[in-house]
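*Asks:* After the structure tokens below, expect a handful of questions from me.
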Amino acid sequence: MNKPHLAQIVRGLCAPVLLLAALTANAELSITQGSGAATPMASQAGTSAPDWLYTVRAGETFQQIAGELLAKGIAPARLRQYNTLDKGAELKEGDRLRIPVQWLQRQPDPARVTTVTGTVRIKTGADGRTLPLTPNILIRVGDELISAAGSATIALADGSEVRLSPDSRLVFNRLTQYGKSGMVDTRLRLNKGEVHTRVRPVIEGGARFEIETPSAVAAVRGTAFALQTSADGTRLQVTEGVVDFGAPGKTRRIPAGYSATLTTNPGLSIRRMPPAPTVNPLAPTLTKLPATLTWADSQAPQHRLDIFEADSGRWVESRKLEGNEFNISLLDNGDYEIHLAALTTRGTVGMPAVIPVEVDLQAKPATLLAPEADETANDDMPEFRWRLNGQNEIARVEIAEDDSFREPVTTSEWAPETSALPLRPLAPGQYYWRVVTEAGGNSVATSETRQFLVNGSLPPARIISVNYVDSQVRVFWEKVRTAKEYRLQLSEEPDFENIIKEATLADTTAALRLIPGKRYFVRLKALSDGPLTSRWGPGRELYLE
């Protein structure tokens, strides 16, 4: 084949009208035929299998394209022959190659769990084990997701998203990618419950996204839709794009704004969905909660409200409402989408009104009330009180032995309260306390710091060990938690009536120089910053040979 002939064919393939004509009836059928037996693809390209048109990019060669796209066993020469290309023909940027879909590389392409709320389990197809579902788990062919009171969001390899509602079961029957072509073949089975999906537009001529239920099949081109199935049948609501829906092999095209129901009797019914409710303006950024969402009165007996995280797609909340208002509360800081739709007496969900909203709560420092600065508490479980100054805040008390709070001694529980007790009793000693407030899950503020004293006696300081090295003796003792320093006494008598050495030490060890052959006795007492001291600990005999 000469080059002018090649250019003529390429220009013809690039023409939009002829491009649509090149997508054969069988290519269309491969998307809409449902979950029935797929049209067999012949070992040689022909009318029984659709073609995919690949657009050549700058700098690409025929051998490079064939190596990246063709499956093993398909020689590049067959692709040349199929496109009637001479061996020496060169490709230019923008040229198109016709490639039978069955000649493309295929490999499994697992999905990934992006968010999980509540309890969801995964039953693995490999060994049948049932495990808790957690974010970032890879889902492979044969795996089944089982939601109880929880929900999950799954990201597919092509960027499509599936949201699984509570009380649902979803099986992943096929997760295939066609090499580097960008085409996927995704087939799911919803045995029970509900899914919401947002599917990227599929590439014509072989790509496929399909959800099967016990009674119906939904084949998708690139759309947003919801699907519910139960023993009574299957319901579909299309909010964007189109979905081919119906019994296997008998699908009808359902456009956006319509719902379809398939039951044993009367069969497939298609209805226009109720229009989206008219929602009254809501501030795009909420700085305090609760905030009230309201909408115009309608004839719908109920409305359905769903809240999703904008970035992750996590299903935060779903409920049925009567009336025309809803109090938004208990949301962390972040961006959300609120979907509000009418709900008919038949259970059909209407077109949703989508309300984007940002929650931006800011914590403020609490005002400390009691105990006062430098107050003495005669109870080892003193009560702490404060005043909150922000909106939707939770707080806790932190108690430490130093004002840096590097190692808090104890805290209280996080709660929206203005008083608390420490989680454990406080030994006598000097302490510092403060209140930390939190709002929106990520905004934190800290109050001033106050010092206080827990009355009583410090525990005695007990000697742990004694080491002898030449003429030096090193003494080690236990740390008393609330002690700031220690008093050491050295005597020649066990009753310590005659003290020959006394020192105040900040550490829990001391080195002493003793006269060999004489007996000595050492003891310690813990001291605090305040008036508290401990009893003298038991004496320890020292003898240096």
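*Asks:* Can you tell me which residues in the range 441-452 are more than 30 Å from Gly334 (Cα to Cα) and either over 47 Å from the mean Cα position of the chain (by Cα) or open to solvent by 10 Å² or more (accessible area, probe 1.4 Å) (or both)?
*Replies:* Answer for the range 441-452, where residues must be more than 30 Å from Gly334 (Cα to Cα) and either over 47 Å from the mean Cα position of the chain (by Cα) or open to solvent by 10 Å² or more (accessible area, probe 1.4 Å) (or both): Thr449, Arg450, Gln451.
*Asks:* Answer yes or no as to whether Ala395 is in contact (Cβ under 8 Å) with a residue 40 or more places away in the chain and assigned to a loop (DSSP other than H, G, I, E, B).
*Replies:* It is false that Ala395 is in contact (Cβ under 8 Å) with a residue 40 or more places away in the chain and assigned to a loop (DSSP other than H, G, I, E, B).
Let's see how each residue does on (1) among the basic types (Lys, Arg); (2) in contact with a Lys or Arg (Cβ under 6 Å, 6 or more places away or on another chain); (3) free of Cβ contacts under 8 Å to residues at least 24 places away in the same chain; (4) part of a loop (DSSP other than H, G, I, E, B):
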{"site": "Glu60", "(1), (2), (3), (4)": "no, no, no, yes"}
{"site": "Ile74", "(1), (2), (3), (4)": "no, no, no, yes"}
{"site": "Arg80", "(1), (2), (3), (4)": "yes, no, yes, no"}
{"site": "Asp86", "(1), (2), (3), (4)": "no, no, no, yes"}
{"site": "Arg98", "(1), (2), (3), (4)": "yes, no, no, no"}
{"site": "Gln102", "(1), (2), (3), (4)": "no, no, no, no"}
{"site": "Pro135", "(1), (2), (3), (4)": "no, no, yes, yes"}
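*Asks:* If I filter the range 455-462 for residues that are part of a loop (DSSP other than H, G, I, E, B), in contact with a Gly (Cβ under 8 Å, 6 or more places away or on another chain) and open to solvent by less than 10 Å² (accessible area, probe 1.4 Å), do I get at least one hit?
*Replies:* yes
*Asks:* Give me the residue from the range 463-474 that is open to solvent by 50 Å² or more (accessible area, probe 1.4 Å) and aliphatic (A, V, I, L, M) and, out of that set, nearest to the chain's Cα centre (by Cα).
*Replies:* Restricting to residues being open to solvent by 50 Å² or more (accessible area, probe 1.4 Å) and aliphatic (A, V, I, L, M), the top hit is Ile464.
*Asks:* If you take the residues of the range 304-318 that are among the charged types (D, E, K, R) and at pLDDT below 90, which of them is farthest from the chain's Cα centre (by Cα)?
*Replies:* Glu317
*Asks:* Given the options Gly257, Gly246, Gly222, name the one that is in contact with a Leu (Cβ under 6 Å, 6 or more places away or on another chain), open to solvent by less than 70 Å² (accessible area, probe 1.4 Å) and of a type in the set (Gly, Ala, Ser).
*Replies:* The match here is Gly246.
*Asks:* Restricting the range 399-409 to residues that are free of Cβ contacts under 8 Å to residues at least 60 places away in the same chain and either open to solvent by 20 Å² or more (accessible area, probe 1.4 Å) or of a type in the set (Ser, Thr, Tyr) (or both), which is farthest from Glu438 (Cα to Cα)?
*Replies:* Asp402
*Asks:* Considering only strands (runs of 3 or more DSSP E) fully contained in the range 203-270, which possess at least 1 residues that are charged (D, E, K, R) and under 30 Å from Thr55 (Cα atoms)?
*Replies:* Passing ranges, in order: 208-212, 233-240, 242-247, 250-255.
*Asks:* Further question on the same structure: Tally the residues that are open to solvent by less than 50 Å² (accessible area, probe 1.4 Å), in a strand (DSSP E or B) and among the small types (Gly, Ala, Ser), restricting the search to the range 294-330.
*Replies:* Residues in the range 294-330 being open to solvent by less than 50 Å² (accessible area, probe 1.4 Å), in a strand (DSSP E or B) and among the small types (Gly, Ala, Ser): 0 in total.
*Asks:* Still on this structure, please answer the following. Taking the range 331-362 as the region of interest, how many residues are open to solvent by 20 Å² or more (accessible area, probe 1.4 Å) and farther than 20 Å from Arg163 by Cβ?
*Replies:* Here the count works out to 7.
Every residue, every condition in (1) surrounded by 15 or more Cβ atoms within 10 Å (Cβ to Cβ); (2) part of a loop (DSSP other than H, G, I, E, B); (3) of a type in the set (D, E, K, R); (4) in contact (Cβ under 8 Å) with a residue 40 or more places away in the chain, yes or no:
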{"position": "Ile122", "(1), (2), (3), (4)": "yes, no, no, no"}
{"position": "Asp127", "(1), (2), (3), (4)": "no, yes, yes, no"}
{"position": "Val141", "(1), (2), (3), (4)": "yes, yes, no, no"}
{"position": "Leu145", "(1), (2), (3), (4)": "yes, no, no, no"}
{"position": "Ala149", "(1), (2), (3), (4)": "no, yes, no, no"}
{"position": "Thr153", "(1), (2), (3), (4)": "yes, no, no, yes"}
{"position": "Arg163", "(1), (2), (3), (4)": "yes, no, yes, yes"}
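*Asks:* Just to verify a result, which residue in the range 209-219, among those that are touching a residue at least 24 places away in the same chain (Cβ under 8 Å) and open to solvent by 10 Å² or more (accessible area, probe 1.4 Å), is nearest to Arg271 (Cα to Cα)?
*Replies:* Ser215
*Asks:* Answer with yes or no whether Ser412 is within 16 Å of Ala366 (Cβ to Cβ), open to solvent by 20 Å² or more (accessible area, probe 1.4 Å), touching an Asp or Glu at 6+ places or on another chain (Cβ under 9 Å) and among the small types (Gly, Ala, Ser).
*Replies:* no
*Asks:* A further question follows. Which residues, counting only those in the range 75-117, are within 30 Å of Ser147 (Cα to Cα), open to solvent by 60 Å² or more (accessible area, probe 1.4 Å) and in contact with a Gly (Cβ under 9 Å, 6 or more places away or on another chain)?
*Replies:* Within the range 75-117, just Gln107 meets the criteria.
The values are calculated or read from the model by the stated rules, or taken from the named source; none is laboratory data. Predicted model only: the values in this text are computed from it and were never measured. All Cβ positions, glycine included, derive from the backbone under ideal geometry; neighbour counts span all protein chains shown. With ligands, DNA and RNA removed, areas are computed over all heavy atoms of the protein, side chains included. Shrake-Rupley method; radii C 1.70, N 1.55, O 1.52, S 1.80 Å.
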